[in-house]
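In what follows, a single structure is set out as structure tokens and then discussed.
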Amino acid sequence: MAESEFRGGVDAQWARVRGRLRAEYGEAAYKSWLKPLTFKSMEGGLVRLSAPTRFMRDWVANHYADRIRTFWTGENSGVRAIDILVESTRDAAAGKLKAKAEREQAPDTSEPEQDGRSNFSAPLDPRFTFENYVVGKPNELAHAAARRVAESSTVPFNPLFLYSGVGLGKTHLMHAIAWHIKKRDPARRVIYLSAEKFMYQFIRALRFKDTVAFKEQFRSVDVLMIDDVQFISGKESTQEEFFHTFNALVDQNRQIVISADKSPSDLEGLEERLRSRLGWGLVADIHPTSYELRLGILQSKAESMGVQPIPAKVMEFLAHKITSNVRELEGALNRIVAHATLIGRSITLETTQEVLHDLLRANDRRVTIEEIQKRVAEHFNIRISDMHSARRARAVARPRQVAMYLAKQLTARSLPEIGRKFGGRDHTTVMHAVRKVEELRATDSGFSDDVELLRRMLEG
Ligand code: ADP
Ligand code: MG
């Protein structure tokens, strides 16, 4: 086969691969990350692409390389691996001149990296959009506030302050705001970065005596988003600079969005004036996920992965067991899907338990007997002391039996241990309680629902 014909074939493959990437990831991500890639060579199943910066190379390698390979293998079964090199656009342009290869749609090498004005901004994850964000009770306020900020052309509240524990969707919401604004109004300047990056840039500017440019960059944006602001606790000069940037932007009526792992009043190591400023706008927290939200997220992820149908039992099991955060939940789903794909078997409850046994153990929440007693007492409106008392009236005896039953179900305690925690009762009393509750659950569905509700609450 003539060399030129072969090249033409490969170029056509690359064009089709790019088309599929574009369809899958959307225009914005395609333009930022995939379009700047240049095809270099194909040899013995290895495809070489180049990216204009090291940073872009790393990002593409982490986020897209697998997909590129999959698509390419679909085009040409000989392709085994993708390698991405770094080549500055200038080198690439020179190389291209030399090679004089007239390819269709040569990458636009005059385009500077992303948009030159906001080069402080960190890359946005193409998956973190509002479309991909599942809304439930625990996150509805944060989500509504983020939407408001993204959709309004004025500044609804300043700052929007989002906080939660890890892996509950703060970064996702911030990226979603940025994507939405960029799409709606590409002229608006949005900077998103972590507080850590902010500090790093600031120190760099100090070192290179370039603080004027630094200030200009940050003070000329329309929307500034700083993620994980707890990072600058105790870092005084960074806080100082951040405080001034913050004030300058608020004065010009520019939108600020902040995230942290705690509320402004609980953030330690922050100067008082900054702390109080952070609480001026809308403070919205994302609560730990509920069972319903976890199930919703799993369904949405499974759908977007486009894999074999996952049995409802398995989804419910995961939603029930992986309660720590959404990142772990996603990780669990990815693992069982990868496992099933790899060994070519369907997903069942058994394989799920097998594949995830380490994760499941870590997520076994340690419910204490004291917690159970407290919740059950609250639920039936009796005193906690009645859990230990000798009173035998039905109104207290029944809740006590329910608490014993739940203690048996939800903790690893033995019957005698449980008995001791209930006012030093005998293990046979506990056994009797467990049987009694089981019996009642089988005959009285209202009672059974009550117990089930308690169990869910306790399992978080
Ligand atoms: P945080 O910044 O609060 O630590 P992230 O935003 O990084 O959490 O979220 C962790 C992972 O969970 C991400 O992959 C994100 O897409 C996913 N995630 C979190 N909340 C949701 C949600 N409500 N719907 C869909 N995905 C979510
Ligand atoms: Mg985050």
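The values are calculated or read from the model by the stated rules, or taken from the named source; none is laboratory data. All of these numbers come straight from a predicted model, not from anything done at the bench. Virtual Cβ from ideal backbone geometry, glycine too; neighbours counted across all protein chains shown.
Figures for the structure shown
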quantity: Residue satisfying condition, being touching an Asp or Glu at 6+ places or on another chain (Cβ under 7 Å), aliphatic (A, V, I, L, M) and modelled with pLDDT of 85 or more, within set L46, L21; calculated: L46
quantity: Filter result for K436 (within 24 Å of F317 (Cβ to Cβ) and surrounded by 12 or more Cβ atoms within 10 Å (Cβ to Cβ)); calculated: no
quantity: Count of residues meeting criterion [free of Cβ contacts under 8 Å to residues at least 12 places away in the same chain, of a type in the set (D, E, K, R) and within 28 Å of T129 (Cα to Cα)] in region 6-56; calculated: 2
quantity: Candidates V337, V402, V396, V376, filtered to the one that is within 27 Å of the chain's Cα centre (by Cα) and among the hydrophobic types (A, V, I, L, M, F, W, C); calculated: V337
quantity: Single unsatisfied condition, E316 versus (1) assigned to a helix (DSSP H, G or I); (2) crowded, with 19+ Cβ neighbours inside 10 Å; calculated: (2)
quantity: When residues of region 284-304 are limited to those that are more than 16 Å from the chain's Cα centre (by Cα) and surrounded by fewer than 18 Cβ atoms within 10 Å (Cβ to Cβ), the one farthest from L458 (Cα to Cα); calculated: E303
quantity: Some residue of region 380-398 being surrounded by 15 or more Cβ atoms within 10 Å (Cβ to Cβ) and within 25 Å of L293 (Cα to Cα); calculated: no
quantity: Of all residues in region 126-175 being within 15 Å of V257 (Cβ to Cβ) and of a type in the set (S, T, N, Q), the one that is surrounded by the most Cβ atoms within 10 Å (Cβ to Cβ); calculated: S164
quantity: Failed condition for L342, given (1) surrounded by 14 or more Cβ atoms within 10 Å (Cβ to Cβ); (2) assigned to a helix (DSSP H, G or I); (3) at pLDDT below 90; calculated: (1)
quantity: Selected residue [surrounded by 17 or more Cβ atoms within 10 Å (Cβ to Cβ), in the same structural domain as P123 (by TED's automatic domain parsing) and touching an Asp or Glu at 6+ places or on another chain (Cβ under 7 Å)] from F246, F231, F242; calculated: F231
quantity: Residue count, region 52-76 (criterion: farther than 22 Å from G9 by Cα and either of a type outside the set (V, I, T) or touching a Leu at 6+ places or on another chain (Cβ under 9 Å) (or both)); calculated: 12
quantity: Filter pass, V229 being of a type in the set (A, V, I, L, M, F, W, C) and free of Cβ contacts under 8 Å to residues at least 60 places away in the same chain; calculated: yes
quantity: Residue match in region 359-370 (condition: closer than 19 Å to L406 by Cα, crowded, with 16+ Cβ neighbours inside 10 Å and within 16 Å of ligand 1 (Cβ to nearest atom)); calculated: yes
